[in-house]
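Notes for the one structure printed next.
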Amino acid sequence: MTIAAPFPPHPSASPRPLPPIAFIGGGNMASAIVGGLLRQGADAGDFEVVEPFEAARTRLSDAFGITARAEASDALARCAVVVWAVKPQAFAEAARPVRAFAADALHLSVAAGIPSESIARWLGTERVVRAMPNTPALVGQGMTGLFARAGVDGPNRALVEQLLAATGELLWVDAESALDAVTAMSGSGPAYVFYFIESMTEAGIEMGLPPEQAQRLAIGTFTGASALAKSATESPAVLRERVTSKGGTTYAAITSMQRADIKAQFKTAIRAAQKRAAELGDEFGKA
């Protein structure tokens, strides 16, 4: 695995110009990428968007000044990259009209679970990259796993990195099967964090704190602990041990979790997500 350093947005910088980019699907993830690229100096005219839902097209127009089309057309032919931001179950059907207009493009899929082999077959090209982003990409703090098929060369990888840089950190995996683990960890992972924040907030309220204070404490604790874990040279286990004095409050909490075998249950839950990611690939990649 290799981690690609993000291209930091800089209002005064002149980043390498991007070629025209098409988005098939104009939902949250497409908006996160488009918004990041616009902040880095791209022009609204650099994008072609195919989005069947009128409300989503209106949001793109209002937010970014982009004119999205309801269906694929020869306007896609000018685009060097096509980003697939559709629901997995809609991918095969969406690919049929696009294929005729994007035969020479590099294809980047952010659709969960769809194997690159299926994408390559539907689109008639080996120039396919699969990406597994997560929702913190919406605020530029995402973690995205990437896998490239053999037809994707170094410059194409660099183009993908530039395109996704504003969404957060990028990590290339060598085996496509690893994306199921990426999906289970970072793709679904924000929901796990929100679940623990929710639980901590509820506990704070039950202990007498006002809801807004309980939530602020829970979110601030996760934010600070994550920042410390990222900057520290020690492992999370060592960091945990440093704040767990025997007989103290943290010790009481950790001991309670260990008695309930929460770590094993949590790992079982993540493996369930990994299994479901593989199932989605089998389910939606057969068309």
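If the chain between GLU117 and LEU228 were fully stretched, how many nm would it gain, using 0.36 nm times the residue separation less the Cα-Cα distance?
Values: separation 111, 0.36 × 111 = 39.96 nm, distance 3.94 nm.
Between GLU117 and LEU228, full extension yields an extra 36.0 nm.
Give the Cα extents of the chain along the principal axes, in whole Å, largest first.
Principal extents (largest minus smallest coordinate, Cα): 69, 41, 36 Å.
Using 7 Å Cα-to-Cβ label points, what is the ALA55/ILE219 separation (nm, one decimal)?
Between ALA55 and ILE219, the label points sit 2.4 nm apart.
222 nm [θ] for the chain, helices only, -39500 (n - 2.57) per DSSP H run of 4+, per residue, to 500? Walk me through the numbers before you get to the answer.
On the way: 11 runs with 136 residues, N = 287.
Calculated mean residue ellipticity at 222 nm is -15000 deg cm²/dmol.
Cα gyration tensor of the stretch 189-278, axes a ≥ b ≥ c as square roots of the eigenvalues: rounded (a/c below 1.5), prolate (a/b > b/c) or oblate?
Values: a/c = 1.40, a/b = 1.16, b/c = 1.21.
Since a/c stays below 1.5, the shape of the stretch 189-278 is classed as rounded.
What net charge do the residues around THR125 carry, taking every other residue with its C-beta under 11 Å from that of THR125, with Lys and Arg at +1 and Asp and Glu at -1?
On the way: positive: ARG99, ARG121, ARG127, ARG149; negative: ASP104, GLU126.
Once positives and negatives cancel, what remains is +2.
Using 0.36 nm per residue of separation minus the Cα-Cα distance, give me the extension gain between ALA150 and ALA44 in nm, one decimal. Present the calculation step by step, with values, prior to reporting the outcome.
Values: separation 106, 0.36 × 106 = 38.16 nm, distance 3.15 nm.
The span from ALA150 to ALA44 would gain 35.0 nm if fully extended.
List the residues, sorted by chain then number, that are 5 or more residues from ASN134 or on another chain and whose placed amide H is less than 5 Å from its amide H.
Long-range HN contacts for ASN134: MET143.
Report, in whole Å, the centroid distance computed from the Cα atoms of the stretch 17-70 and the stretch 239-287.
37 Å
With charges only on Cβ, +1 for K and R and -1 for D and E, what is the dipole size of the chain about its Cα centre, in debye, rounded to 20?
Details: 26 positive and 28 negative charges, 106 e Å.
The dipole of the chain has a size of about 520 debye.
Laboratory data are not the source of any read-out in this text; all were calculated from the coordinates shown. Just so it is clear, the model here is predicted, and its values are computed rather than measured. A quick note on method: Cβ atoms are made from the backbone with ideal geometry, for glycine too, and the neighbour counts reach across all protein chains shown.
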